[in-house]
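One structure is given here, and the rest of the page talks about it.
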There are 2 protein chains.
Amino acid sequence: MTEKYPTSGLQLRTLVKPEGSLELSLVEVPTQAPGPDEVVVQIQAAPINPSDIGLLFGAADMSTAKASGTPERPVVTANIPERLMPAMAARLGQSLPAGNEAAGVVVAAGSSPAAQALLGKMVAVLGGEMYAQYRTIAVNQCLPLPQDATAAEGASCFVNPLTALGMTETMRREGHKALVHTVGASNLGQMLNRICIQDGIGLVNIVRKPEQAALLREQGATHICDSSSPTFIADLTTAIEQTGATLAFDAIGGGKLAGQILNCMEVAISRGAKEYNRYGSYVLKQVYVYGGLDLSPTEITRSFGMTWGIGGWLLFPFLQKIGEAEVAKLRARVASELKTTFASHYSHQISLAQALDVDVISAYAQRATGAKYLITLNQATQ
Amino acid sequence: MTEKYPTSGLQLRTLVKPEGSLELSLVEVPTQAPGPDEVVVQIQAAPINPSDIGLLFGAADMSTAKASGTPERPVVTANIPERLMPAMAARLGQSLPAGNEAAGVVVAAGSSPAAQALLGKMVAVLGGEMYAQYRTIAVNQCLPLPQDATAAEGASCFVNPLTALGMTETMRREGHKALVHTVGASNLGQMLNRICIQDGIGLVNIVRKPEQAALLREQGATHICDSSSPTFIADLTTAIEQTGATLAFDAIGGGKLAGQILNCMEVAISRGAKEYNRYGSYVLKQVYVYGGLDLSPTEITRSFGMTWGIGGWLLFPFLQKIGEAEVAKLRARVASELKTTFASHYSHQISLAQALDVDVISAYAQRATGAKYLITLNQATQ
């Protein structure tokens, strides 16, 4: 461990205060010395995923965000509605780091051969606390990137690619043959579309606007249902019938959509049924909610028999369940198709300080489809 | 097959007509001659279970029920709201028999030794079409009752007992250690309470009235939460924490209760948590909806992390899944504890014709806890 690295660096923190406010700030933290099987990564690019935003903002109303601090060390404060404070109890008063994944260069390595082998390499990393200048992390949480990959190309190696692969894997493991995805035009949705085309899997893409439908059509998607169309329910039923989809992944969560999907599945299945069953079809119809773009209650009109399920789906428990060997296969596929199937596109690149700019926050907090933010840092010094 | 039995008998029928009405009637149907492995059962008692009512009335508004026909051959007609007719498409124009289960005497038997062995015996039967004077049925759908059992005692041998046992079996198979049941004071709920006491399983009984709580308390229940109490949510959370229940069976279906149960589970789990996880606990919290006492939409406020599920649960697919050998074990337990653990209580006994009496219908259609109807027939001739 003779390499040189700064003894400290900036790290983004999010803090819920007991009086009902959220504070985002940059703090100077010591760079942790690497253990034998660890490396120090100089972070260069880290995406803001929807899953990061939940931790960053908690239950705060970001329309109340106010700036203070200095340009280099900005501080943002926002109110948390009183009724939502109980949900924040577990993180009260804890200054938490954020950022699920990133890419950067290994600037120091522990004594083990595996750690030493990464020295100077560009790696993608998963493990939280990535909105920071430096991150000390275990070797097995690093994915070495191909020689010609940039930090921006490697920054989203884990969450979206493994989530998209997790969907098709879940489909196979739970005995379904095709999928519905409720945010077809999102970065993740486009990735899933490429996987399904490549693997020959039927995919029903739900989008919310005609231009999103056009985008997916250009990318070769076959089944696209626009929820803003008056024929949406009929279109969705037909697409489900044509693909045989009995599984859906839903990033929206709130409102009636999950129940509508189950109902369209039941109608599609019953079109092929030979006799009446008062309990509905015995074919399992499943919706997994993996996000919460709409935080309002999920409203389910149970008109689809008794063989159905709605539940949460989360990447990390899924990866735990399938085990290390299977995860390694998925990772290897991501690395080998990084610039094609698993390419991410960013609409905006911002600095760590800009991530705490009130105007920038109001833009990325919307989590709009097509608007994807990448925090870049340390790159001037490379 | 030298035994004598009537060549025909009355059978209750339910018919949805295309013009938007429901017709209930008694029709004379030929008694089917038994095959080698079949018997003819003279039905003596058949319960009206909530699961029967769905088939009997379909989507009809029973407050519009009108009587016609004769006292011996009554006919009841009721309107079906137009918006609900699409859900009736699969049964349109089909005159359907009803009645899931019953008990009666075997009056004729096929040639096989197993069939012949049942001749003259009182049996419980499962298999639909039980609201009838005679039912020809396979031997393996009959459960011979103990010598001293009456038809009334044996009539509810299957649906409620196997459903209650199915709940504790599901609990064990899916790795939960205790249960919540949303209709604690129902016939099924009281049975489940007896099973859980006997088997040492933690059970949280939800009831809707103080007198139901008192009834369960008399029967030895430990955890009773009255949803009409202002402290219901706090009581439920405490009971869940004390039992460690992470699974619930819900017969209500509509409204907010299922979501509230999941939230109470998450709060109970997080009381023991050591660190904040923005995704909530990774402990699976599951609600199975097995009935629809409230047909309004299920409204779920997702405030319980990402590791949760809500889904339909139905007895017949469950029995198929566990397989014949396991089902046989459950049936044997029911037969041996018929007068204790699995005793059913009926508030009313009615004739087959009275089941089509408009006033009687308006009473049993309410499916009120504590009001349980038994159709008795053929007994005068025994």
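Remarks
- Restricting attention to the protein assembly as shown, close to 65% of DSSP beta bridges with both partner residues there are antiparallel.
- Backbone geometry of the range B:74-86 corresponds, through the Karplus equation with coefficients 6.51, -1.76 and 1.60 at θ = phi - 60°, to 3J(HN,Hα) couplings of x, 10, 10, 10, 9, 7, 10, x, 4, 5, 9, 4, x Hz, x marking Gly and Pro.
- In a fully extended conformation the segment linking B:Gln94 and B:Arg73 would gain 5.6 nm over its present Cα-Cα distance, using 0.36 nm per residue.
- HN-Hα J in Hz across the range A:294-299 - Karplus 6.51, -1.76, 1.60, θ = phi - 60°, x for Gly and Pro: 10, 7, 5, x, 7, 10
- Residues whose amide H falls under 5 Å from that of A:Asp226, counting only those 5 or more places apart or on a different chain, are A:Val207, with hydrogens built in the peptide plane.
- Structure-based [θ]222 nm, chain B - -39500 (n - 2.57) summed over DSSP H runs of at least 4, per residue, nearest 500: -8000 deg cm²/dmol
- Solvent-accessible surface of the protein assembly as shown, taken per residue with a 1.4 Å probe and all protein chains present: 41 Å².
- Test item: Cα-centred dipole of chain A, Lys/Arg +1 and Asp/Glu -1 on Cβ, debye: 620 debye
- Placing dummy labels 7 Å off each Cα toward the beta-carbon, the span from B:Arg333 to B:Ala363 is 3.4 nm.
- Residues of the range B:56-96 buried by at least 20 Å² on assembly (accessible area, 1.4 Å probe, chain alone as reference): B:Ala90, B:Arg91
- Rounded to the nearest Hz, the phi-derived 3J(HN,Hα) couplings of the range B:41-47 under the Karplus curve 6.51 cos²θ - 1.76 cosθ + 1.60 (θ = phi - 60°) are 9, 7, 5, 10, 8, 9, x, where x marks glycine and proline.
- Point-to-point label distance, B:Ile322-A:Thr150, nm (Cα→Cβ direction, 7 Å offset): 6.0 nm
- Accessible surface of chain B, 1.4 Å probe: 53 percent of it comes from carbon and sulfur atoms.
- Each other copy holds its own label point for B:Ala343; taking that point as 7 Å from Cα along Cα to Cβ, the gaps run 7.5 nm, nearest first.
- Shielding by other protein chains, A:252-259, mean Cβ within 10 Å: 1
- The antiparallel fraction among DSSP beta bridges confined to chain A stands at about 65%.
- Heavy-atom accessible area, 1.4 Å probe, ligands and nucleic acids excluded: residues of the range A:276-311 down by at least 40 Å² from chain alone: A:Tyr276, A:Arg278, A:Tyr279, A:Tyr282, A:Pro297, A:Thr298, A:Ile300, A:Arg302, A:Met306, A:Trp308, A:Ile310
- Taking the range A:152-180 and a reference point 7 angstrom along Cα→Cβ of A:Ile197, the backbone N atoms nearer than 20 Å belong to A:160-169, A:178-180.
- Largest first, the residues B:Lys285, A:Lys256 sort by 1.4 Å accessible area into A:Lys256, B:Lys285.
- Residues whose placed amide H lies under 5 Å from that of A:Val287, excluding near-sequence neighbours: A:Ala248, A:Gly309, A:Ile310, A:Gly311
- Shape of the range B:295-382, Cα gyration tensor, a/c cut at 1.5: oblate
- When peptides B:6-16, A:225-235, A:150-160 are ranked by their average number of other Cβ atoms within 10 Å per residue, the highest-first order is A:150-160, B:6-16, A:225-235.
- Cut-off 11 Å between beta-carbons: net charge of the residues surrounding B:Ala46, Lys and Arg +1, Asp and Glu -1: -2
- Spacing of the modelled spin labels on A:Arg208 and A:Ser229, each 7 Å from Cα toward Cβ, amounts to 1.8 nm.
- Short-range pairs are left out: with C-alpha atoms under 8 Å and at least six residues apart, the relative contact order of the range B:160-318 is 21 percent.
- Once backbone amide H atoms are built at 1.01 Å from N, B:Gly9 has B:Val29, B:Thr31 as its partners under 5 Å, excluding neighbours fewer than 5 places away on the same chain.
- Loss of accessible area when A meets B, both sides summed, Å² nearest 100, probe 1.4 Å: 3100 Å²
- Global form of the range A:160-318, assessed from the alpha-carbon gyration tensor, a/c cut-off 1.5: rounded
- Cα-based shape type of chain A, given that a ≥ b ≥ c are square roots of the gyration tensor eigenvalues and the cut on a/c is 1.5: prolate
- For chain B, the relative contact order comes to 17 percent (Cα pairs under 8 Å, sequence separation of at least 6).
- FRET E, pair A:Ser296, A:Ser112, Förster distance 45 Å, beta-carbon r, rounded to 0.05: 0.35
- C-alpha center-to-center spacing [the range A:65-123, the range A:128-155] in angstrom: 14 Å
The values are calculated or read from the model by the stated rules, or taken from the named source; none is laboratory data. All values derive from a computational prediction rather than experimental measurement. As a convention, Cβ positions derive from the backbone with ideal geometry for all residues, glycine included, and neighbour counts pool all protein chains shown. Quick note on the areas: whole protein, heavy atoms, side chains included, nothing else; ligands and nucleic acids left out. Shrake-Rupley method; radii C 1.70, N 1.55, O 1.52, S 1.80 Å.
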